[in-house]
Amino acid sequence: MANTSARMLRLLSLLQTHRYWPGSELADRLEVSPRTLRRDVDRLRELGYPVDASRGVAGGYQLQAGAAVPPLLLDDEEAVAIAVGLRTAAAGAVAGFEETSVRALAKVIQLLPPRLRRRIDALQAVTSPGVLGGGPVLDAGVLTTIAMATRAEERLRFDYTPREGALSHRHAEPHRLVPLGRKWYLLAWDLDRADWRNFRVDRIAGPALTGARFRPREIPGGDPVAWLRSRIRAIPNRYEVSVLVEASAERIAESTGHWGTVEPVADGVCRLRMNVDDLGWPVMVLGVLGAPFTIESPAELRERARAAGESLLRGTSV
């Protein structure tokens, strides 16, 4: 790469892609000699980027969190604002940006000094998001740790509690984080079971980086989202919901998206069908619609909707 400035930007981008790069592999990526690579690393350090180097046969480079936010990028207040905003987006505040937000959040968090990380955690702890989600509440620290391990191709240990079953200890190679159906899933190669598995992130506890790197495997079919969808379709949902709603099909579809099917049954009346594992989602949809409805099935949904309505009425009583 002839242009020094362009090469340094490429180097910085690669350093932000992995937690650790062997020197020979990094030089090959940049198509430069080890000596040129060392000079470029020194230039990054002069600009304030904290790049650590290890010597020897397995020597390499790693971009570490420094004493301050790297210059020419963000000041402290901007860094905190961006990190908090990315956490909110990762939770689903902006549809379509969840996965991108997690990847960006992992990069930002890795570079922030501890004092700013503490400020972000404190601010998040006392802030209630004003976004109507409907999905399970995620621990931002858990999500960030998993994202960092996935990006760095580093093995991960964590505790996992499935929908039905006891808590288990897992050792896995994280492949991809996928937001689907207002939930987050980790796609990973389970080292103890020697097979691919998907894990609900809200059921993961205590994720810990191991420091052991791995070479990524190819997920079956090559498409992580398609593979995840096929696995989820094979799992029977607990509830089949059927509700008559006095609203247009277009209005109902705006609230349910592709997670429900709508069929007109009479003038101004449609039947909404949903297959769900948690009745909280259809209750939220019906509340947002604000239209008269009749629950056909299941009976448990009538009880959930009645309890939600009574709770709202108690909150408005004087």
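The values are calculated or read from the model by the stated rules, or taken from the named source; none is laboratory data. These numbers were taken from a predicted model, which means no experiment stands behind them. FYI the Cβ positions are ideal-geometry reconstructions off the backbone, even for glycines, and counts take in every protein chain you see. What goes into the accessible areas is simple: the full protein's heavy atoms, side chains included, and nothing from ligands, DNA or RNA. Shrake-Rupley method; radii C 1.70, N 1.55, O 1.52, S 1.80 Å.
Looking at 305, 291, which is the one that is part of a loop (DSSP other than H, G, I, E, B) and over 30 Å from residue 151 (Cα atoms)? I'd like the intermediate steps shown before the answer.
On the way: 305 fails: part of a loop (DSSP other than H, G, I, E, B).
Just a single option satisfies the conditions, and that option is 291.
Output the residue which, of all residues in the range 180-212 that are over 22 Å from residue 19 (Cα atoms) and among the small types (Gly, Ala, Ser), is surrounded by the most Cβ atoms within 10 Å (Cβ to Cβ).
Here the answer is 181.
Mind listing just one residue for me: the one in the range 51-72 that is modelled with pLDDT of 85 or more and within 15 Å of residue 8 (Cα to Cα) and, of those, least open to solvent (accessible area, probe 1.4 Å)?
It comes out as 51.
Can you pull out every residue in the range 238-264 that is open to solvent by 80 Å² or more (accessible area, probe 1.4 Å), more than 27 Å from residue 200 (Cβ to Cβ) and touching a residue at least 12 places away in the same chain (Cβ under 8 Å)?
246, 251, 264
Name every residue in the range 1-50 that is of a type in the set (A, V, I, L, M) and either open to solvent by 60 Å² or more (accessible area, probe 1.4 Å) or within 29 Å of the chain's Cα centre (by Cα) (or both), in order of residue number. It would help to see each step written out before you state the result.
Kept after step one, since they are of a type in the set (A, V, I, L, M), are these residues of the range 1-50: 1-2, 6, 8-9, 11-12, 14-15, 26-27, 30, 32, 37, 41, 44, 47.
Those that are of a type in the set (A, V, I, L, M) and either open to solvent by 60 Å² or more (accessible area, probe 1.4 Å) or within 29 Å of the chain's Cα centre (by Cα) (or both): 1, 2, 9, 11, 12, 14, 15, 26, 47.
Out of 287, 280, I need the residue that is within 23 Å of residue 180 (Cα to Cα) and free of Cβ contacts under 8 Å to residues at least 60 places away in the same chain. Which one?
So the residue among 287, 280 that is within 23 Å of residue 180 (Cα to Cα) and free of Cβ contacts under 8 Å to residues at least 60 places away in the same chain is 287.
In the range 213-237, what count of residues is obtained for those that are closer than 23 Å to residue 167 by Cβ and either basic (Lys, Arg) or open to solvent by less than 40 Å² (accessible area, probe 1.4 Å) (or both)?
2
So which residues in the range 135-179 are over 22 Å from residue 278 (Cα atoms), open to solvent by less than 20 Å² (accessible area, probe 1.4 Å) and not in a helix (DSSP H, G or I)?
Matches in the range 135-179: 154, 156, 158, 172, 173, 174.
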